[in-house]
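What follows is a set of notes on a single structure, which appears directly below.
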Amino acid sequence: MGIPVRAGREYNDADTATSPRTLVINEAMARRYWPDGNAVGKIVRFGPNANEVIGVVADTKHNSINERPLAQLFIPMARSEVSTLRLFARAGGDPAPLVAEIRDAIRTLDPNLPVYDARTLNEHMLGAVFAQRMAADLLGAMGVLALLLAAIGLYGVMAYAVSQRTQEMGIRLALGASPSYLLNMVIGQGMKLTVIGLVIGLAIALGAFGSIGAVRTLLPGISPLDPITFIAVPALLAAIAFVATWIPAKRAGRVDPVTALRVD
């Protein structure tokens, strides 16, 4: 499985049913029972049996990507009393065809031995991050909807503002203002509001996401204050705001001065 050994050694052919009893533990167990960090050589008793710790391996996660490492120990296969067995196999290429081959090999050894829950590591990981994927998909859909509503709202506000200033636009054009000047003026006003909104939103997000523990559980391996996110999202919002502002601004530059001056 590629779990690194932190201290001591892992099992080898010398660890048999008749050899001295040995154990390999994880770092969480070593920290819990031997906080001084020297667990190798210590004795763990199960009833009358004394087992020597021969190795310490890195902590692992088994069911969820967010689970805290628990104290665990590993027993040699020759001494295992567990009735179920999990077999892990490493494939050089696509692991999916290997599942059927392993089933056939086990049936050859013992036709009565049931084989179930065969899956690849990727399939296992999909189950481990299911809650995070569902939350991400739901929040992503809500984010897209909010982005769409914001774009429509900004476009509506700017279009209404331009329509209310039709006479002003006509007067400016009649006095010699160029269409590009009106375009830049309307875009500048819209982007000014956008920047103010982004600054307020970023301040709220930085304060809220940094202190909400629930957000951290939904983002394993990623900080809620991820700098890439806090740069990319405002940039995207600014680009959408620019497009939503540019359309009514373009119309403002095309206003006919004569028609604009006749508007009540």
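The values are calculated or read from the model by the stated rules, or taken from the named source; none is laboratory data. Remember, predicted model here, so these are calculated numbers, not experimental data. Ideal geometry is used to build each Cβ from the backbone, glycine not excepted, and the neighbour counts take in all protein chains shown.
Structure notes:
Matching residues to (1) among the aromatic types (F, W, Y); (2) modelled with pLDDT of 75 or more; (3) within 16 Å of N66 (Cα to Cα); (4) in the same structural domain as G156 (by TED's automatic domain parsing):
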position: G190; (1), (2), (3), (4): no, yes, no, yes
position: L193; (1), (2), (3), (4): no, yes, no, yes
position: G197; (1), (2), (3), (4): no, yes, no, yes
position: L202; (1), (2), (3), (4): no, yes, no, yes
position: G221; (1), (2), (3), (4): no, no, yes, yes
position: F230; (1), (2), (3), (4): yes, yes, no, yes
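- The one condition in (1) of a type outside the set (S, T, N, Q); (2) closer than 25 Å to G2 by Cβ; (3) part of a loop (DSSP other than H, G, I, E, B) that P114 fails to fulfil: (2)
- Inter-residue pairs, beta-carbon under 6 Å, first farther than 14 Å from S64 by Cα and in the range 123-151, second surrounded by 11 or more Cβ atoms within 10 Å (Cβ to Cβ), 6+ apart: A135/L218; A151/I240; A151/A244
- Subset of the range 6-33 [more than 28 Å from the chain's Cα centre (by Cα), surrounded by fewer than 19 Cβ atoms within 10 Å (Cβ to Cβ) and hydrophobic (A, V, I, L, M, F, W, C)]: A7, A14, A17
- Residues that are surrounded by 12 or more Cβ atoms within 10 Å (Cβ to Cβ) and of a type in the set (V, I, T), drawn from the range 87-129: V99, I102, I106, V115, T120, V129
- Residue check, A177 of a type outside the set (V, I, T) and either loosely packed, with under 15 Cβ neighbours inside 10 Å or modelled with pLDDT under 75 (or both): no
- Condition met for V24 (closer than 29 Å to V115 by Cα and part of a strand (DSSP E or B)): yes
- No other residue among L154, L145, L85 is at pLDDT below 85 and part of a helix (DSSP H, G or I) apart from L154.
- Answer from A78, A136 - the residue that is under 30 Å from W34 (Cβ atoms) and part of a helix (DSSP H, G or I): A78
- Residues of the range 44-72 that turn out to be without any contact (Cβ under 8 Å) to a residue 60 or more places away in the chain and either exposed (fewer than 11 other Cβ atoms within 10 Å of the Cβ) or among the acidic types (D, E) (or both), as a count: 9
- Residues in the range 117-133 that are of a type outside the set (K, R) and either part of a helix (DSSP H, G or I) or within 12 Å of the chain's Cα centre (by Cα) (or both): L121, N122, E123, H124, M125, L126, G127, A128, V129, F130, A131, Q132.
- Of all the criteria given as (1) surrounded by fewer than 12 Cβ atoms within 10 Å (Cβ to Cβ); (2) over 16 Å from R86 (Cα atoms), the one not satisfied by Q132 is (1).
- Restricting L98, L70 to those that are hydrophobic (A, V, I, L, M, F, W, C) and in a loop (DSSP other than H, G, I, E, B) reduces the list to L70.
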